[in-house]
Amino acid sequence: MTPIVGAASSALRVVQWTTGKTGTAAVIGILGDPGLELIGCFAYSADKVGRDVGDLCGIGPIGVISTDDVEALIALQPDCVVYTAYRPDFDHLERVLESGINVVTTMYMLAGEGHGDVATRRIREAAARGRASLYSSGIYPGHAPMVALAASAMCRTIDRLSILESLDIQEYGNAPMFRAMGFDRDAGDPEVAVMAEASCGSFKDQIRVLARALCVEVDRVDFRVETATADRDTDFGFMTVGAGRVAGIQGVVAGIRDDRPVIECRFVWKLGSEMTPDWPVTNGYLIEIEGDPGVRCKIEALAGNLPGATVTAMPVVNAIRATCAAAPGIVNQMEMPLVRAAHRIA
């Protein structure tokens, strides 16, 4: 793909926030849209400051230089920031939103309650002051559950809606994130379950969004998890997992009503396949709706595996137009038109 640089004057002006795997995919997505113009980029690491964003993303120079100067980026007066940081910086986000700059983000909990009342209030109040909007998505949570909602339109009644992410995650190659989830820890370490649940905060927010969309009140949100252990020491290049240590995690976050699960976000995450137990992996997203009629659909790649960074980044990049046009505040899929890949057919 040839990047589209120097977009038309009517294009929305966009700043990319960080250039990790997902941020790189977002940059490529922005450059490929004639209605978007990349005008700046925030660099998290000091060694990336002053470098061309295209070089950082492996696509060659594009004439946009990265910086860690937040005020300089705000002074560019972008229409939107694509926020793909590994961890949220609420001072940065507050400053961006109160300046009237919209935000789309792959950090799903920024639009929910997962970071706590204080953080949520800061986001809402900053957006109100700047009359800006914040929208969060990704593939899961985010887009796959919205596909599930679309599928639910065929049902007269629903007993249970379930979404499963089932992947060998080694392609994503993010050692800090995987270790924070509990990978390569001793299987008997009680912290593994705690870490896994902390990593699933976004799923808890997704359950609440789905419940509101389906007009059902859940009594509580439950979490269950189990682990698989590596059969041998394995070096994945970006990290190693020792024999007998956690190499697989599967579980479910469930919205419970009348003591039964009615909405479920399920997951199977594996690093490799040599582990016990060796759960099957479907390499995609399986949606099942038990009801009248029962419905099943699957999101998967036509060949190989879905490119994780791309399918995480594009649901927010493709939502930039709608987010800029949305009412101020935190918006989710119920306040937005269907996010789609407009302007993407060559």
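DSSP bridge analysis restricted to the chain gives an antiparallel fraction near 60%, rounded to the nearest 5.
Placing +1 on the Cβ of every Lys and Arg and -1 on the Cβ of every Asp and Glu, with nothing else charged, gives the stretch 236-277 a dipole about its Cα centre of roughly 80 debye. Between the C-alpha center of the stretch 228-277 and that of the stretch 305-346 there is a gap of 29 Å. At a Cα cut-off below 13 Å, give the aspartates and glutamates reachable from Lys48, other chains included and same-chain residues fewer than 8 away excluded. Counting by Cα, and skipping residues close in sequence, Lys48 has these aspartates and glutamates nearby: Asp68, Asp69. Taken about its Cα centre, the chain carries a charge dipole of about 880 debye when Lys and Arg each add +1 at the Cβ and Asp and Glu each add -1 at the Cβ.
In sequence order, the stretch 42-53 has phi-based couplings of 8, 9, 6, 8, 4, 6, 9, 5, x, 9, 5, 4 Hz under the Karplus curve 6.51 cos²θ - 1.76 cosθ + 1.60, θ = phi - 60°, and Gly or Pro positions carry x. Taken as Cα centroids, the stretch 11-59 and the stretch 95-131 sit 21 Å apart, rounded to the nearest whole angstrom.
Per-residue ellipticity at 222 nm from helix content only, as computed over the chain with -39500 (n - 2.57) for each DSSP H run of at least four residues, stands at -8000 deg cm²/dmol. Take 144-153, 260-269 and order them by the average number of nearby Cβ atoms within 10 Å per residue, most first; the result is 260-269, 144-153. Across the stretch 127-134, coupling constants 3J(HN,Hα) worked out from phi with the 6.51/-1.76/1.60 Karplus curve, θ = phi - 60°, read 5, 5, 5, x, 6, 10, 10, 10 Hz, and Gly and Pro carry x. 3J(HN,Hα) along the stretch 212-225: 5, 5, 8, 6, 10, 9, 9, 6, 6, 10, 9, 9, 9, 8 Hz, from the Karplus curve 6.51 cos²θ - 1.76 cosθ + 1.60 with θ = phi - 60°, whole Hz, x for Gly and Pro.
Between the amide H of Leu306 and those of Ala301, distances stay under 5 Å, these residues lying 5 or more places away or on another chain, with hydrogens modeled in the peptide plane. For all pairs of alpha-carbon atoms in the chain, what percent lies in each bin of width 10 Å, listed from the first bin to the last filled one? Going from the shortest bin to the longest, the percentages are 5, 24, 32, 26, 11, 1. Taking a ≥ b ≥ c as the square roots of the eigenvalues of the Cα gyration tensor of the stretch 1-99, is the shape rounded (a/c under 1.5), prolate (a/b larger than b/c) or oblate? Note, shape of the stretch 1-99 comes out oblate.
Using a Gaussian network model of the chain in which every pair of alpha carbons under 10 angstrom is joined by a spring, one finds that among Gly244, Gly40, Gly50 the greatest mean-square fluctuation is at Gly50.
Using a cutoff of 8 angstrom between alpha carbon atoms and counting only pairs six or more residues apart, the relative contact order for the chain works out to 20 percent. When the chain is described by a simple charge dipole with +1 on each Lys and Arg Cβ and -1 on each Asp and Glu Cβ, the residue from Gly54, Ile330, Ala119 located farthest towards its positive end is Ile330. Name the most mobile residue of Thr229, Thr24, Thr157, meaning the one with the largest mean-square fluctuation, in a Gaussian network model of the chain with Cα contacts below 10 Å. Among Thr229, Thr24, Thr157, the largest mean-square fluctuation in the Gaussian network model of the chain belongs to Thr157.
Think of the chain as having a plus end and a minus end, set by charges on the Cβ of Lys, Arg, Asp and Glu; of Ala26, Ser152, Val70, Ser152 sits farthest toward the positive end of this dipole.
Bear in mind these aren't lab numbers, they're just calculated from the coordinates by the rules spelled out. Since the model is a prediction, treat every value here as computed from it, not as a measurement. Ideal geometry is used to build each Cβ from the backbone, glycine not excepted, and the neighbour counts take in all protein chains shown.
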